[in-house]
1. If you check every pair at least six apart or on different chains, which have Cβ atoms under 7 Å apart with a residue in region 111-127 that is of a type in the set (S, T, N, Q) first and a residue that is open to solvent by 60 Å² or more (accessible area, probe 1.4 Å) second?
2. Of the residues that sit in region 20-34 and are out of contact with any helix residue (DSSP H, G or I) (no Cβ under 9 Å at 6 or more places or on another chain) and open to solvent by less than 50 Å² (accessible area, probe 1.4 Å), which one is modelled with the lowest pLDDT?
3. Just to be sure I understand, how many residues within region 96-122 are more than 19 Å from the chain's Cα centre (by Cα) and open to solvent by 40 Å² or more (accessible area, probe 1.4 Å)?
4. Please determine, by comparing only the residues of region 130-148 that are part of a loop (DSSP other than H, G, I, E, B) and among the small types (Gly, Ala, Ser), which one is most open to solvent (accessible area, probe 1.4 Å).
5. Which condition does Ser81 not pass, out of (1) farther than 30 Å from Ser27 by Cα; (2) open to solvent by 60 Å² or more (accessible area, probe 1.4 Å), if it passes all the others?
6. Please specify each residue of region 33-50 satisfying the condition of being over 15 Å from Thr85 (Cα atoms) and of a type in the set (S, T, N, Q).
7. Would you mention how many residues in region 48-71 are closer than 27 Å to Thr93 by Cβ, in contact (Cβ under 8 Å) with a residue 24 or more places away in the chain, surrounded by 15 or more Cβ atoms within 10 Å (Cβ to Cβ) and out of contact with any Cys (no Cβ under 8 Å at 6 or more places or on another chain)?
8. Considering only residues that are in contact (Cβ under 8 Å) with a residue 24 or more places away in the chain and open to solvent by 40 Å² or more (accessible area, probe 1.4 Å), look in region 36-47 and name the one that is nearest to Ile107 (Cα to Cα).
Amino acid sequence: MRKKLLPLAIATVLACVSAATGLAAGSTQVDHFSFTKPSNVCGISGTTVGHGTSVFRDTGNGTYFMNSSFSAAFTAENGRSTTLTAAGPQKQTSPAVIDEQAGTVTITTTYGGLYEKFSITGGPTLSINAGVVTFVDVFKYTGDPNNPVGDFISETLSDLHGPHPDLLSDFSVFCDVVGPYLQDP
């Protein structure tokens, strides 16, 4: 499930990073975004409508700080709806580490606040992940130090503080809880 939800989050982050690449070190970019798109959640087709705001700051030392809020409602074809909410800071904790010999690039990012909360739209919470978590992501090195990040290789989690049932289960808990609700007529 994680692989199905992460593209949305990654696209949001990349949009912010892409918008900020032309910024001078230490500058800040504020973005407001919204979208409507066909989606598939836990094997169930529907439509997602989302919106959010991000504040991205290039720290000038090869890292960044971003604070964002995001909300998206997924409505299944049968009319059932869930809402995803996320808010809080994210910080790249050090510049990307390039290991030319291994052919890898490692990026460490720490998230805080409400990592994600899924609820029945207008109703109770179905799943929540909140608190601090650090991701260590490893990518193939492109050979270009100015654009070093290639294909994704692996990810590990550390410094988990707070409830993170979906992160710890590779999001299988999410589909176990949200899937039956969305399927029910």
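1. Ser119/Thr125; Thr125/Lys117
2. Of all residues in region 20-34, those out of contact with any helix residue (DSSP H, G or I) (no Cβ under 9 Å at 6 or more places or on another chain) come to 20-26, 30, 32, 34.
Now drop any that are not open to solvent by less than 50 Å² (accessible area, probe 1.4 Å), which leaves 20, 23, 26.
Details: Ala20: 42, Leu23: 50, Gly26: 72.
If we take residues in region 20-34 being out of contact with any helix residue (DSSP H, G or I) (no Cβ under 9 Å at 6 or more places or on another chain) and open to solvent by less than 50 Å² (accessible area, probe 1.4 Å), then Ala20 is modelled with the lowest pLDDT.
3. So the count comes out to 8.
4. Start the filter on region 130-148 by keeping residues that are part of a loop (DSSP other than H, G, I, E, B), which leaves 131, 142-148.
Next, from what is left, pick out any that are among the small types (Gly, Ala, Ser): 131, 143.
Working: Gly131: 23, Gly143: 50 Å².
Ranking the qualifying residues of region 130-148, first place goes to Gly143.
5. Every condition holds for Ser81 apart from (2).
6. Selection gives Thr36, Ser39, Asn40, Ser45, Thr47.
7. Of the residues in that region, 7 qualify.
8. Step one: filter region 36-47 for residues in contact (Cβ under 8 Å) with a residue 24 or more places away in the chain, giving 39-47.
Checking which are open to solvent by 40 Å² or more (accessible area, probe 1.4 Å) leaves us with 40, 43, 45, 47.
Values: Asn40: 29, Gly43: 31, Ser45: 33, Thr47: 32 Å.
Applying the filter and picking the extreme gives Asn40.
The values are calculated or read from the model by the stated rules, or taken from the named source; none is laboratory data. Just so you know, these numbers come straight off a predicted model, no measurement behind them. Don't worry about glycine lacking a Cβ; one is built from the backbone with ideal geometry, like all the others, and counts go over all protein chains shown. Accessible surface is based on the protein model in full, side chains and every heavy atom, while ligands, DNA and RNA are left aside. Shrake-Rupley method; radii C 1.70, N 1.55, O 1.52, S 1.80 Å.
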